[in-house]
Every structure is written in structure tokens, then in C-alpha cells.
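Take a look at the structure below.
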Amino acid sequence: MVDIDISETIEDKKSWFNIKRFKIGGVSFEKPEKSLDVKNLDQSSYRNLHGGFKFYEVAKSIKYDSFIDLYNQDNGQAIDSFFYKRTWLSGLPNAINFTLEFNPFLHMKNIEEMSWFFNYYYPYARFILTVPSVKMKITVNKKPVQIISFEDYMRFVDSAYKILDGKNNKPIFVPISMKYLGIRKLTELVQHYMKQGYYYYWFDFEGQPVNERAVGKLRHIFDLIKDEENYGNVVSYFTNIKREILSNSNELTSVASDALSAVAGANFIGVNREPKKYPPKPPVQSGQEEETIRVSQAVDRSHKARIFNRETYYYVKTSDTDLLLPKKYVPVNAAKLNAEFNAQSQYFLENQNIDTLLNQKIMFKDEKAGNILKQLISKSPDQSKSEPPKSDLTDFMDE
């Protein structure tokens, strides 16, 4: 087990915004840091950013077929591609986060049979290690179908952690599913992690936004950690976040989600992910009609090209033809977010609060933002040490 030596923790009184000072592999962290999404990045766009990032990130979902393909792969370039190796980024630390879309226990007797995967993974992750998350449910015919039980989810994390820890000189982060766990199971999971001595958490939003529901879950988790007097040991990493709380392709602006991550408690802020959608199958068309529909759907993605406005916290549609592709607007937004997290930190250190700064952002007055600002600055003045009752009611709260 490799510990992160947190030399100082400075907390906001009203929100979970915090500054933790520590080093990982010689890299110093003094504020919440945004990662750079390598999936939506080319060498030219990276050069235009002029630095400013402490690490880059790959977030990837793996189906069982892809997992087996990797096992059978003997082409070195294909293996490098699977782990998104970028030689022109070799000087920058990286994080690689995986979400498995299959239940490992249905395909192998024990997780030690996955050791080959972790042996591959270890040298490609040059910054931190993350135990893969497992997607707990999938949608089939618009109905949720369970992939893995909560008990097996925890069993998988413990087994994978043990394998990674056996060869390790990097901090290991364990997953917390923000989409599929309700309060009762989040309580059980976090208490289990603390009992095992796991203090570095990557929160897998799986395409969900930082909204009122997510903030409520996060507040409960951090209260639990505070109750056990472990908050000074914890590093929080939010990733796979939906970019906006609500978005409409026909509207010029949309309210930001990822920009709220640091105020919600993140020390690292990772990449965006859109939730998977399962549209109804279209009626049968002729071959030509099918091709026309396919092309028009592929081309009409301009509404996704939105640029973060630091003054308002809106994402705004851009008409700049140079920013219409993800490889152009994604890194630009990452740079703007990283600059804003820096501004939040500077404001906090100078004023000892963050809510006054947030109150200046007109996004929070938009009805589409709901009561998110109130939730963000409603940190419990005293963390209760009582657990929610373990009853059928708390089972009902789990999603």
C-alpha cells in the first residue's frame, strides 16, 4: 500500500470545497486539478494548450469481448492503442480508469485469473492506479438488468486491490458508483473501504451530472468519512461526469455540471461522459433512406460544440468552425475549467469562502439549475454519527 502524504487540508465551512496539499510521484498538488482527456486530443491541439495540466486521463468501458480480444492480442501496437499510449505525452503523468460491462465472476473462478490484465495495465498507468469499476446494471428493452450484485462488487474491488498492491509503488484508488448505489449501500461501501484502509476514491459518475441528487450522496459520504476522522487522509477523484446538468440541442446555453465538481468535494476532476441512450428502433426504410438518415444523424452534432463561460457557468453554443469537433472543443473546455478551478482556489484562500464567488455566476439563477447552489453550500455544521436504519425503506432508496 502506497500512501499519499497529505501535508495540509484547508476546508470551506459551508461547502465541501477543500484544498489538500500533497505530492504523487514528485508532482505537487496545491488545488483541485482538471485532467486532460486523451481520447479527444491530437498532438496539434495539445501544443496549442501551452501546458497547465498536471496529468492526462483515459476513461474506458470494456465489454467482455474486448477483454478477451486483449488477452489474445499479440500485436504490440494494438495493445498500446487499447491503453491509449501517446508517445508525445510521455512527459505527463496519466490515469487510466476502466469500467467493466460484465461480471468477472461469471467468466472466471477468481479474480486472480485477471492478473494478466493488471500486469498489462500497471506500466501504462504512470501516475496512480485505479481499481476498475463494474457497471452494476445495463438497460435491455428499456428495463434495468443487474450485471453484478453489490456483494460481488465489493468482493471484486478487494481482490483487484490485492493484486495491484502486490506489485506496486503507486497510490491505488477504489471505485464508488454514483449512478447505481443509494444511501444504504453507499454507507456500507464507504465504511468497508475505511475498514480496509482504502482512502483514495474515484467516483464513477457513469454519465450522470453533478446535480442535487449527486450532491446529496456526496455530502452523506463525506459526513461518514468525517465521522471516522478520516477526512484528512482522503483524496477524491470525480470522473465520467455529464458535462451539463440539463441540455437542449435547440437552446444556446446550458447549465454546467462538471464546473461544480471542486465545490462538491473533488480534488481531481476527470473527463466527461454522456449517458448512453437507447432510442426506439426506426421503422424499416429502404437502403437509400437508411443511409440518408444515418448520415444526417452523424453530421448534425454541432449542438455538442459548446464552450464553457467562466463568468456565467453556462456552456454556450459556438459558431466558430474551428471548434466544432470534439478534438478541438474538449481540450479548450478542459483548459477553461482548470483555470476556473485555479480561480476558485485563489478566491477561497483570499476570502475563506467560496459561496460569495458562486453567487456571482448567473447560471445559478436559472430554473434549470434547480436548487443546486443551495445544496452545494449546505455542508452539515456537525456530522451526525448515527447510521441510517437498516430496513426495507433504505433498500427502497437504492437505485
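For this structure, a couple of remarks:
- Exclusive hit being in contact with a Ser or Thr (Cβ under 9 Å, 6 or more places away or on another chain) and under 14 Å from Ser90 (Cα atoms), set Tyr46, Tyr56: Tyr56
- Any hit, segment 65-81, residues being out of contact with any strand residue (DSSP E or B) (no Cβ under 8 Å at 6 or more places or on another chain) and either closer than 21 Å to Trp202 by Cβ or crowded, with 18+ Cβ neighbours inside 10 Å (or both): yes
- Residues that are open to solvent by less than 40 Å² (accessible area, probe 1.4 Å) and free of Cβ contacts under 8 Å to residues at least 40 places away in the same chain within segment 363-380 comprise just one, Leu373.
- When Phe17 is tested against the conditions (1) farther than 25 Å from Lys226 by Cα; (2) buried (at least 20 other Cβ atoms within 10 Å of the Cβ); (3) not polar (S, T, N, Q), the lone failure is (1).
- Total residues in segment 151-174 satisfying the condition of being open to solvent by 50 Å² or more (accessible area, probe 1.4 Å) and either among the small types (Gly, Ala, Ser) or closer than 15 Å to Val190 by Cα (or both): the figure is 3.
- Residues (within 18 Å of Asp204 (Cα to Cα) and at pLDDT below 95) located in segment 246-276: Asn272, Arg273, Glu274, Pro275, Lys276
- Segment 175-207 - residue that is touching a strand residue (DSSP E or B) at 6+ places or on another chain (Cβ under 8 Å) and open to solvent by 40 Å² or more (accessible area, probe 1.4 Å) and, of those, nearest to Arg155 (Cα to Cα): Tyr199
One line per residue, one yes/no per condition, for (1) in contact with a His (Cβ under 6 Å, 6 or more places away or on another chain); (2) touching a residue at least 24 places away in the same chain (Cβ under 8 Å); (3) open to solvent by 10 Å² or more (accessible area, probe 1.4 Å); (4) of a type in the set (Asp, Glu):
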| residue | (1), (2), (3), (4) |
| --- | --- |
| Asp12 | no, yes, no, yes |
| Arg21 | no, no, yes, no |
| Glu30 | no, yes, yes, yes |
| Asp37 | no, yes, yes, yes |
| Tyr56 | no, yes, no, no |
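- Here the helices (runs of 4 or more DSSP H) wholly within segment 121-231 that include at least 2 residues being in contact (Cβ under 8 Å) with a residue 24 or more places away in the chain, closer than 23 Å to Thr9 by Cβ and within 16 Å of the chain's Cα centre (by Cα) are 212-227.
- Sub-7 Å Cβ pairs linking a first residue in segment 58-83 that is within 14 Å of Pro104 (Cα to Cα) and modelled with pLDDT of 95 or more to a second residue that is among the aliphatic types (A, V, I, L, M) and open to solvent by less than 50 Å² (accessible area, probe 1.4 Å), at least 6 apart or interchain, are Ile62/Leu100, ordered by first then second residue.
- Residue satisfying all of: in segment 88-115; in contact (Cβ under 8 Å) with a residue 60 or more places away in the chain and under 21 Å from Ser45 (Cα atoms); surrounded by the fewest Cβ atoms within 10 Å (Cβ to Cβ) among these: Pro93
The values are calculated or read from the model by the stated rules, or taken from the named source; none is laboratory data. Values in this document were obtained by computation on a predicted structure and should not be read as measured data. Note that we place each Cβ from the backbone using ideal geometry, even for glycine, and neighbour counts take in every protein chain shown. In case anyone asks, the SASA skips ligands and DNA or RNA and just uses the protein heavy atoms, side chains included. Shrake-Rupley method; radii C 1.70, N 1.55, O 1.52, S 1.80 Å.
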